[in-house]
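Colleague: I am attaching a structure below and will ask some questions about it afterwards.
What follows draws every value from the coordinates through simple rules; no lab data is involved. Just so we're clear, the structure is a prediction, and the values are computed from it rather than from any experiment. We place every Cβ from the backbone using ideal geometry, glycine too, and count neighbours over all the protein chains shown.
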Amino acid sequence: MPWNTAGQYRRRVPLIETRALQKRYDNAVTALADLTVTIEPGVVGLVGVNGAGKSTLIKLALGLLEPTGGSIRVLDLDPVRDAEKVRARVGYMPEHDCLPPDMIAAEFVTHMARISGLPAAMARDRASETLRHVGLYEERYRRIGGYSTGMKQRVKLAQALVHDPELLLLDEPTNGLDPAGRRAMLDLVHRIGTEFGISVVVCSHLLGEIERICTSLVAIDAGRLLRSATLDSMTQVRDLVVVEVDEDVNKLAAALTATGLDVRRHEDRALLVQADSDAVYDTIRDTVADLDLALHRVERQRHQVADLFRDLPRTEEETRVVNATA
Amino acid sequence: MSSMPQPRTGVIHDIGYQRYEGPRLGRGYAARSLYVHSVRSSFGLGRSAWAKVLPIGLLGMASIASLILVVINTQLPEPVLDYAGIASTFTYAATVFVAIVAPELVSVDLRTNLLQLYLSRPIRRSDYALAKLAALATATFVLFAVPMLIMFAGMAFSTDDGIAGVFDELGGLCVGLLAAVVHAALLAAIALPLASLSGRRVFASGIIIAVFLLTAPVSAALEAFSYDSAAGHLAGLIDPSRLLAGVDQWLFGVDLRLVNVGGFGAVYGLLTVVLIVAGTACALWRYRKVKS
């Protein structure tokens, strides 16, 4: 990815830096336990299952919560002591609904821009601009209550973006959207991270969904860091293609292995083939054609966060099966 | 919305994302913006037509009542009600007003999670609480001040004493506005912390109305049992509306027989101050605790 550098972002300081960060709520629930991670500029996916501590980390970064242990720095500032400075430079899109239904979208975004410190006239201009960027220009004088879920999500994004932050914190931005809406939202987030040059930390419990727009991923589980890496290194070994055929799976596995591909058994009649380049798809097609097999599907493996928990490569048993047939 | 005349170039130029290099005014400006916005939305401005009905309706009715007073006052040899008297008598309308508006200002933010967006911006929790409290007090003050101004306009135009008469009225108006400040501050300081307890508007309104309505009969009963004794003079302290009438009586000599403070006027004044301070403290405390 050509834009996979921090150079275009205005600052090179880490977006978020935590050291042994801990957050325990009053009712003794531990949301974060000993989290140490450095999030560098770029489009960063913060992944983890629901309850892993993603939202808590975001709220700690905004200074809305205070850590019960360890430290956190945002844009090299302390979010509790320098809360005002941090919040002026950060945009936040919460996970849940947070819009007043009886306000007009343009007025609402203008109002939020002013609360972020923009003078009235500038706030109005930037509100229109931002609503245009999120694709709500025509509908901006309608009441938010009459908007669809997708439009509401765009207004939420617009209010986070209106004051031109250096860092955008997006908590599950695709929540409640249909597949097309999800794709549109992710494309928008991608554009913000690349064309607009604003660093983005986007939370999701669906790794497969955000991996294509992120430059790096941070996976947390039960309040601890699971993995943190650039996307390349994390998904390199995970770029897998599922090939399902009607019969003779073993024959296909042998033939594909013979062409030098890394092949593993998957489910009942399917194989997992490691795809390092697009040429692999051609090889699969040709091999299937040569063997005269009925091809059911060829698709890229969708990762779930759960996949990150499993150790790679796959179990030895799967490997043995493939080897035995070879 | 009316459409702007479009330049007829036939080409849409996408100039792309523009970074904002302009000034970023800090916390004080943000809090003031929230205050102005809240005063406006108290009267339903910038919101749907339905949101305007009740607050504007109350303001309209108060204005009409004041017009009627102008007519009566000018027809009779002695005015039946002066400016401070308006403050005393309109208190009941104002309690209804704060019961409608306070939930609009704070409960809606709790319910829709909008508070979360405010708190993730440069303003602090205390700024939010104070801006909302000040906005409610201002809106309530307007509810008192507009009828007084109408009365002033009517009386000043119909005075028989020339410019001296106008200045007389002006003096009365100033006293009235001072009374309005006290009334607005107390009513807001009671209603806002109560409204912030519930995210549901109906409940919040109910709590406020209950506090104002339920204290009234208790206070009246106490007074009836012990009229003209110390207990009778102090009975008005329990009911916020009569507490304010007591302050008007003590400070401005308004006697509409709503309450009889006897020699305890200063106690009414002191309790009013205590309640305003306590209400403000409660609002601040509430927003220090509220989940974000």
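Colleague: Considering the dipole of region B:99-241 built from charges on the beta carbon (Lys and Arg +1, Asp and Glu -1) around the Cα centre, which of B:Met148, B:Ser241, B:Pro122 is farthest to its positive end?
Modeller: Towards the positive end, the residue furthest out is B:Pro122.
Colleague: For a test of the definition: using alpha carbon positions, the gyration tensor, and the 1.5 limit on a/c, classify region A:103-196 as rounded, prolate or oblate.
Modeller: Judged from the Cα gyration tensor, region A:103-196 comes out oblate (a/c at least 1.5, b/c at or above a/b).
Colleague: So, one more: Can you tell me the order of A:269-275, A:279-285 when each peptide is scored by its average per-residue count of other Cβ atoms within 10 angstrom, highest first?
Modeller: Ranking the peptides A:269-275, A:279-285 by packing returns A:269-275, A:279-285.
Colleague: Another question about this same structure. If you average 1/r over all unlike Cα pairs in region B:179-245 and invert the result, what Kirkwood radius do you get in angstrom?
Modeller: Evaluated over region B:179-245, this radius sits at 12.9 Å.
Colleague: Work out Dmax and Rg for region A:1-141 from the C-alpha atoms and quote the Rg first, both in angstrom.
Modeller: Rg and Dmax of region A:1-141, Cα atoms, are 17.4, 48 Å.
Colleague: With labels modelled as points extended 7 Å from the Cα through the Cβ direction, what inter-label distance (nm, one decimal) is found for B:Arg32 paired with B:Arg288?
Modeller: 2.7 nm
Colleague: Along the three principal axes, how long is region B:27-289 when you take its alpha carbons, biggest first, rounded to the nearest angstrom?
Modeller: For region B:27-289, the Cα extents along the three principal axes come out at 59, 45, 31 Å.
Colleague: Please order A:Thr38, A:Thr174, B:Thr140 by the number of other Cβ within 10 Å, starting at the fewest.
Modeller: Lowest to highest Cβ neighbour count: A:Thr38, A:Thr174, B:Thr140.
Colleague: Could you give me the ³J(HN,Hα) list for region A:30-44, computed from phi with Karplus coefficients 6.51, -1.76, 1.60 and θ = phi - 60°, whole Hz, x at Gly and Pro?
Modeller: So the J values, rounded to whole Hz, are 9, 8, 10, 10, 6, 9, 10, 7, 10, 9, 8, x, x, 9, 10.
Colleague: Then there's this: Under the 0.36 nm per residue contour assumption, what length would be gained going from the current alpha-carbon distance of A:Ala229 and A:Glu195 to full extension? The partial results should precede the final answer.
Modeller: Working: separation 34, 0.36 × 34 = 12.24 nm, distance 2.27 nm.
Here the answer is 10.0 nm.
Colleague: For a test of the definition: using alpha carbon positions, the gyration tensor, and the 1.5 limit on a/c, classify region B:108-149 as rounded, prolate or oblate.
Modeller: Prolate, because a/c is 1.5 or more and a/b exceeds b/c.
Colleague: Stokes-Einstein at 25 °C, 0.890 mPa s, Kirkwood radius from Cα pairs: D for the protein assembly as shown in µm² s⁻¹?
Modeller: In µm²/s, the coefficient is 86.
Colleague: A further question on this structure: Alpha carbon centre of region B:223-247 versus region B:269-292: separation in Å?
Modeller: Result: 24 Å between the Cα centres.
Colleague: Turning to a different aspect of this structure: Once you list every other residue whose beta carbon is under 12 Å from the beta carbon of A:Lys152, what net charge do they have if Lys and Arg are +1 and Asp and Glu are -1?
Modeller: Numbers: positive: A:Arg142, A:Arg143, A:Arg154, A:Lys156; negative: A:Asp97, A:Glu139.
My count for the surroundings of A:Lys152 gives +2.
Colleague: For B:Ile100, B:Ile56, what's the fewest-to-most ordering of other Cβ within 10 Å of each Cβ?
Modeller: B:Ile56, B:Ile100
Colleague: Hey, another quick one. Between A:Asn27 and B:Val277, what FRET efficiency follows from the Cβ-Cβ distance if R0 is 35 Å, with the result rounded to 0.05?
Modeller: My answer for the efficiency is 0.60.
Colleague: Another question about this same structure. Can you give me the convex hull volume of the Cα atoms of region A:16-235, divided per residue and expressed in Å³?
Modeller: 117 Å³
Colleague: Please rank B:Ile64, A:Ile104, A:Ile58, fewest neighbouring Cβ atoms within 10 Å first, as an exposure proxy. Before the final figure, lay out each step's value.
Modeller: Working: B:Ile64 12, A:Ile104 18, A:Ile58 24.
Arranged by neighbour count, lowest to highest, B:Ile64, A:Ile104, A:Ile58 become B:Ile64, A:Ile104, A:Ile58.
Colleague: Moving on. In nm, give the distance between the simple-model label positions of B:Trp50 and A:His96, each being 7 Å from the Cα along the Cα-to-Cβ direction.
Modeller: Computed distance between label sites B:Trp50 and A:His96 equals 2.3 nm.
Colleague: Run the reach check for A:Lys54 against lysines, Cα to Cα strictly under 30 Å, same-chain hits fewer than 8 apart removed. What comes back?
Modeller: The reachable lysines, counting only those whose Cα sits under 30 Å from A:Lys54, are A:Lys23, A:Lys85, A:Lys152, A:Lys156, B:Lys289, B:Lys291.
Colleague: Sticking with the crude label model, points 7 Å out along Cα→Cβ, report the distance from B:Ala164 to A:Arg300 in nm, one decimal please.
Modeller: 9.2 nm
Colleague: Taking a virtual spin label 7 Å from the Cα of B:Ala93 along the C-beta vector, which residues in region B:44-80 bring their backbone nitrogen under 18 Å of it?
Modeller: Under 18 Å, as judged by backbone N against the label point of B:Ala93, lie B:44, B:52-74, B:80 of region B:44-80.
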